[in-house]
Amino acid sequence: MSAKDLIAENAELFKELLGEGDKKKLKDARISDASDYLLKFFEGSQKEGATVGSSAADVAAFATSKDSKTEKAKAQIEKGDQTAVALAINDYIAGKRSAENIEQLIARSDLALENKVAILQMAKEDLAANIVDAGKGGSIGTQKLIDGIKNTPRLRGKGIEQFSSEKGEAVEYESGYENKVFIDTDTETIFTFDKSGNKLPLY
């Protein structure tokens, strides 16, 4: 299967997973809009001197004053489709592990040229791929993990701390830990924290 076909197939799968309930959302939005328009028509018809024309005009003004619920639902569905394509590309990238393969992917597919930078950036942000590349470059053990972290743009600037779970050492959140990356040298797992203190596995 070509890269293009593989991405397209994965994109459809992600669309299906992300889009569960889209038909119901769209149907509910249309029903809600119809209800709003009927209520607006009734409201207009109760005005002194109101006619069918003036009531209809009130509905038209109301309908064009803001995005309808149907339009908002369609926008959400479209956004979900775009997310599905991005996930499919990222899924393909995660399995390739190198910038060279990304270049080949772009060359073999008809992905828009303007997406090239975004795709390559996604590849650079793949910590697992960067760790593999560090190993190919000669780094071993914990140093391979450290080099992989340093080569991942979103993690640059974060402090790196190591600990040994086999020695009974553990890391509990403290203020500022969201600016650090922690490596368990025994299990070779990597994680950080968010500002709420939640542990975020990275590798």
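Since every read-out is calculated from the coordinates, none of them should be taken as a lab result. All of these numbers come straight from a predicted model, not from anything done at the bench.
Holding the Cα-Cα limit at 21 Å, pick out from LYS27/LYS74; LYS24/LYS69; LYS40/LYS66; LYS136/LYS180 the pairs that are longer than that. Please report the intermediate quantities before stating the final value.
Values: LYS27/LYS74 11 Å; LYS24/LYS69 13 Å; LYS40/LYS66 14 Å; LYS136/LYS180 25 Å.
Beyond 21 Å between Cα atoms: LYS136/LYS180.
So what does log10 I(q)/I(0) come out to for region 150-203 at q = 0.13 Å⁻¹, using the Debye formula with one equal point on every Cα and no solvent?
Listed by q, the Debye log ratios stand at -0.29.
Provide the gained length on full extension for the span PHE42 to ALA170, in nm with one decimal, where the gain is 0.36 nm per separating residue minus the Cα-Cα distance.
Values: separation 128, 0.36 × 128 = 46.08 nm, distance 6.58 nm.
Full-extension gain reported as 39.5 nm.
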